[in-house]
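Below is one structure, written out as structure tokens; comments come after it.
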Amino acid sequence: MTTETEIVEPPLRHVETDVLIPKMMRAKAKERCHQEVKDFTDCCKDSGLGMVLKCRQQNTTLRACLTKYYKDPEFYEMCKQEYLLQKREFLETGVRKSSKTSSKLPTTM
């Protein structure tokens, strides 16, 4: 039995817990690790084919930063709550929140 102040979350589908929320986590982790992403990208651009050997340190630093967020239960919960809010807004309005990828897709064929 729930109280009036307790919020009941809707059950999440498999695709939401295993695909959509982790996708949001990856995007947000990349934003939070923007300096590490930039350092690794710059190293790869400057190194050409030798990037595998030359950019090991930047790759290790980037992976450590991203993994820190991927394994953080509070970060997962934050992304889950944001996903649920977006889902609720979509169900109420029928309007999907615009995303970076949707603006890149062609609107006509």
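The values are calculated or read from the model by the stated rules, or taken from the named source; none is laboratory data. These numbers were taken from a predicted model, which means no experiment stands behind them. No Cβ is skipped: glycine too gets one built from the backbone with ideal geometry, and neighbour counts run over all protein chains shown. Side chains are part of the model used for accessible areas, which takes the heavy atoms of the whole protein and leaves out ligands, DNA and RNA. Shrake-Rupley method; radii C 1.70, N 1.55, O 1.52, S 1.80 Å.
The table that follows gives values for the structure above.
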read-out: Residues that are open to solvent by less than 60 Å² (accessible area, probe 1.4 Å) and in a helix (DSSP H, G or I), drawn from region 41-60; value: THR41, ASP42, CYS43, CYS44, SER47, GLY48, GLY50, GLN58, ASN59
read-out: Residue check, LYS100 surrounded by 11 or more Cβ atoms within 10 Å (Cβ to Cβ) and either at pLDDT 90 or above or not in a helix (DSSP H, G or I) (or both); value: no
read-out: Hits in region 12-40 - residues which are surrounded by 16 or more Cβ atoms within 10 Å (Cβ to Cβ) and either part of a helix (DSSP H, G or I) or of a type in the set (Gly, Ala, Ser) (or both); value: GLU16, LEU20, ILE21, MET24, MET25, ALA29, GLU36, VAL37, ASP39, PHE40
read-out: Single residue of GLU77, GLU16 found to be of a type outside the set (A, V, I, L, M) and without any contact (Cβ under 8 Å) to a residue 60 or more places away in the chain; value: GLU77
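To keep it simple, each residue is scored yes or no on (1) outside any helix (DSSP H, G or I); (2) open to solvent by 100 Å² or more (accessible area, probe 1.4 Å); (3) at pLDDT 90 or above.
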position	(1), (2), (3)
MET78	no, no, yes
LYS87	no, no, yes
LEU91	no, yes, no
ARG96	yes, yes, no
